[in-house]
């Protein structure tokens, strides 16, 4: 009876279980993106197949498999309307993996499943650039490769530890080739393809603000951006990161309208200039968060609006680094235009009447603008206003309810009320949203701005001074901070939760992890055309250009392939890796050069006997060396091979006539 080829042999239940586990691990990064019914179909297919295998049966009938496959693929097409794109393609590939698992019976099916697992791992990396996801998927590929090697092993009890080591060695052998391709393959200014899906992150701050918007962000631990200062760091009271500036107020919400192509008025810079690099996370917006007030930046297409927002023509859909310079203290050199004054003093008629009456009364006793500002801030300080993360809900006249009824709110409540009080008194005012403060990562020398650092403050126009920043939230005394939920807010300190204060080692661990992620982004993900040019200059290549880069790539590929060929040769000839066998081969070569080649069937001591007959002058030496080799190779001689290696190295037989000739 003819034996079946390797690919057609049946697989055992244990090996089917292992490949199912590898598939489950590869699907974990896709759980949030895949439809629920796809996950259920995959799980049911795997469970049915394993249940049949444990009972010694094969896969379900082909007709049933065909019906299930046609129905599932049709339902997937109905949901996505296409099979193109990352989301639809990943869902189709995952579904095919589950259906393939349902019919798996022979080794060829396992090979196909292994390839699908590799492609699913690649698809996960197209969705996310996280270092930890990359490390996780590397482990999945390692385990899958070990399972594949175990499938081809002979014998009933293969050693998993040795299989994992062998799989790791195979993967490590590909690293030089991957490193050469990553360093030297020509990078382009634009990608070779564009993914059709929207891969942007959460929105964070928007171009509108209603009561409750920013305090919802305070519960988020997501990172908005990171900042590295080149030299000095501004003091905490000046670390305001400017975002959307809001001008239009309807009595409840503040919104931003596009002012059009109006240039930013010239400012006289005062105090030191701060140079820094902002590493922005992807978002759906056009603005770039900068330290008040930006003066220079390295984005050629970015522009400064009339209210000093730095904006890009297109949404920030990829992580970017922006090198910028800002001054935290400035003074206007031009008077406020009529249009801007009219825009920033406008109030909706008939809204928040109690606030309007109060401002008129307060204004009558404080005609000076700065005296009026101090009087409003003093009201927040002296009256029973509270700073809380869980303020009560407000109706349409939100400022009236906040100032005279609830007196509890987050930074957005105070900024909105202060701006309206200023406008009601005829002082131009606007609300600025952004971030304040940040957490310093001492392990990598940069600041982390999270969504929990979102903040709102005001800017008012004072004649002779220009736009002046006023943060009414700072008027709230620390003893009047109402802690709620996770105790994450403080009126006068960074947003540090109680568990971080009690477990500083855990906070340090988070900072170390974030430092690793930032290093991954800077050194790996952002390795671009400019980085390759710097590499060529580091290698002292004169006049580096694309042609020399390709030549260097060819040379690197040649060296990597030669090294890989040598490694494969060692795998195919394991005897070459043993120093004892290599030394014995050297002895045989030297005797062959002296006219005494070893016959293919001869063992070491039989070879020594024949050499002694043909060359009595070499008999004692060769016999001693061959006995040492036999004892070291096959016996339990505790001695090391160093003496044998040294003796063979010193052995130099001369050519001579064999005895009897």
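Side notes on the structure shown:
- Scanning the stretch 592-603 for residues that are closer than 17 Å to residue 653 by Cα and either free of Cβ contacts under 8 Å to residues at least 12 places away in the same chain or within 60 Å of the chain's Cα centre (by Cα) (or both) gives 592, 597, 598.
- Residue that is surrounded by the fewest Cβ atoms within 10 Å (Cβ to Cβ) [pool: residues in the stretch 363-381 that are under 18 Å from residue 428 (Cβ atoms) and touching a residue at least 24 places away in the same chain (Cβ under 8 Å)]: 370
- Positions within the stretch 84-120 being in contact with a strand residue (DSSP E or B) (Cβ under 7 Å, 6 or more places away or on another chain) and closer than 22 Å to residue 70 by Cβ, in sequence order: 105
- Residue check, residue 91 crowded, with 17+ Cβ neighbours inside 10 Å and touching a helix residue (DSSP H, G or I) at 6+ places or on another chain (Cβ under 8 Å): yes
- Note on the stretch 291-333: residues that are within 28 Å of the chain's Cα centre (by Cα) and outside any loop (DSSP other than H, G, I, E, B) amount to 10.
- Whichever residue in the stretch 595-612 is farther than 20 Å from residue 635 by Cβ and touching a helix residue (DSSP H, G or I) at 6+ places or on another chain (Cβ under 8 Å) and, among such residues, is surrounded by the most Cβ atoms within 10 Å (Cβ to Cβ): 611
- Residue in the stretch 399-412 that is touching a residue at least 12 places away in the same chain (Cβ under 8 Å), assigned to a helix (DSSP H, G or I) and under 38 Å from the mean Cα position of the chain (by Cα) present: yes
- Single match in 297, 241, 293 (criterion: in contact with a strand residue (DSSP E or B) (Cβ under 8 Å, 6 or more places away or on another chain) and closer than 18 Å to residue 332 by Cβ): 293
- Which listed residue, of 57, 43, is at pLDDT below 90, in the same structural domain as residue 120 (by TED's automatic domain parsing) and either more than 16 Å from residue 114 (Cα to Cα) or out of contact with any helix residue (DSSP H, G or I) (no Cβ under 7 Å at 6 or more places or on another chain) (or both): 57
- Inside the stretch 45-61, residues that are assigned to a helix (DSSP H, G or I) and touching a residue at least 12 places away in the same chain (Cβ under 8 Å) make up a count of 7.
- Looking only at residues in the stretch 124-133 that are assigned to a helix (DSSP H, G or I) and surrounded by fewer than 19 Cβ atoms within 10 Å (Cβ to Cβ), the one that is nearest to the chain's Cα centre (by Cα) is 131.
- Residue list for the stretch 271-290, filter: in contact with a strand residue (DSSP E or B) (Cβ under 6 Å, 6 or more places away or on another chain), outside any loop (DSSP other than H, G, I, E, B) and at pLDDT 85 or above: 273, 274, 275, 276, 277, 278, 279, 280, 287, 288, 290
- Taking the listed residues 224, 232, the one that is in contact (Cβ under 8 Å) with a residue 12 or more places away in the chain, within 26 Å of residue 520 (Cα to Cα), in contact with a strand residue (DSSP E or B) (Cβ under 8 Å, 6 or more places away or on another chain) and part of a loop (DSSP other than H, G, I, E, B) is 232, with no other qualifying.
- Helices (runs of 4 or more DSSP H) completely within the stretch 503-587 that count 1 or more residues being assigned by TED's automatic domain parsing to the domain that holds residue 226 and modelled with pLDDT of 85 or more: none
- Given (1) outside any helix (DSSP H, G or I); (2) touching a residue at least 12 places away in the same chain (Cβ under 8 Å), index of the condition residue 75 fails: (1)
- Yes/no for residue 101 being in the same structural domain as residue 54 (by TED's automatic domain parsing), in a helix (DSSP H, G or I), more than 24 Å from residue 523 (Cβ to Cβ) and touching a residue at least 60 places away in the same chain (Cβ under 8 Å): yes
The values are calculated or read from the model by the stated rules, or taken from the named source; none is laboratory data. Bear in mind the structure is a predicted one, so any value in this text is a computation, not a measurement. Neighbour counts are summed over all protein chains in view; Cβ atoms, including those assigned to glycine, are modelled from backbone coordinates with ideal geometry.
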